[in-house]
Amino acid sequence: MPIDKTVQEAKRYGVMTCAKEVSLLFAAQRMVKEDVSALVVVDAGGSLQGIISRTDMMRALAEDKNWQRRTVSEYMNPEVATVSEEASIGDVASILIDRQIHRVVVTKLEEGRIVPVAVVSAADVIYHMAQGPSTN
């Protein structure tokens, strides 16, 4: 299993984002269009602000019949599990297990801002496990 591969080497996709001011309806439509289970929330400068997941969306539905008029900022999680591009797949797996979460956001520091560059999910970890042993 290539658990020593860094997330930079292993990432399969980019990062799908939205602003915290957009409606939950917009966020739901974006999740469906992009076939993702979460959107990374960023400000106008691209700095990480939070994350909104399918579970957050379902919570909004359960709590408010007019959920589609609510904004992402009302339901997003501002405390995001992050890793650097140098973190290994094994590091990500440990974080996912320890924190009982489904994804981490890969970030880099850019001009004093924390900028998301990828999302690595449990499904991505399993994908790399299925690739077999590392050839290093």
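Observations on the structure shown:
- Of everything in the stretch 31-44 that is surrounded by fewer than 19 Cβ atoms within 10 Å (Cβ to Cβ) and among the β-branched types (Val, Ile, Thr), the residue that is nearest to the chain's Cα centre (by Cα) is Val36.
- Residue count, the stretch 118-136 (criterion: buried (at least 18 other Cβ atoms within 10 Å of the Cβ) and touching a residue at least 40 places away in the same chain (Cβ under 8 Å)): 6
- Scanning the stretch 98-114 for residues that are touching a Lys or Arg at 6+ places or on another chain (Cβ under 9 Å) and under 18 Å from Ser37 (Cα atoms) turns up just one, Val106.
- Some residue of the stretch 77-85 being buried (at least 19 other Cβ atoms within 10 Å of the Cβ) and either touching a residue at least 60 places away in the same chain (Cβ under 8 Å) or under 23 Å from Ala123 (Cα atoms) (or both): yes
- Looking only at the stretch 32-59, residues that are small (Gly, Ala, Ser), in contact (Cβ under 8 Å) with a residue 60 or more places away in the chain and within 15 Å of Glu21 (Cα to Cα) come to 3 in all.
- The set of residues in the stretch 97-114 that are of a type outside the set (D, E, K, R), closer than 23 Å to Ser47 by Cα and either over 12 Å from the mean Cα position of the chain (by Cα) or buried (at least 19 other Cβ atoms within 10 Å of the Cβ) (or both) comprises Val104, Val105, Val106, Thr107, Leu109, Gly112, Ile114.
- Qualifying residues in the stretch 45-74 (those that are of a type in the set (Ser, Thr, Tyr) and under 16 Å from the mean Cα position of the chain (by Cα)) - the one surrounded by the most Cβ atoms within 10 Å (Cβ to Cβ): Ser53
Computed from the coordinates by the stated procedures, all read-outs in this text should not be read as laboratory data. Please read these numbers as outputs of a predicted model, since none were measured by experiment. So basically every Cβ, Gly included, is an ideal-geometry build from the backbone, and we count neighbours across all protein chains shown.
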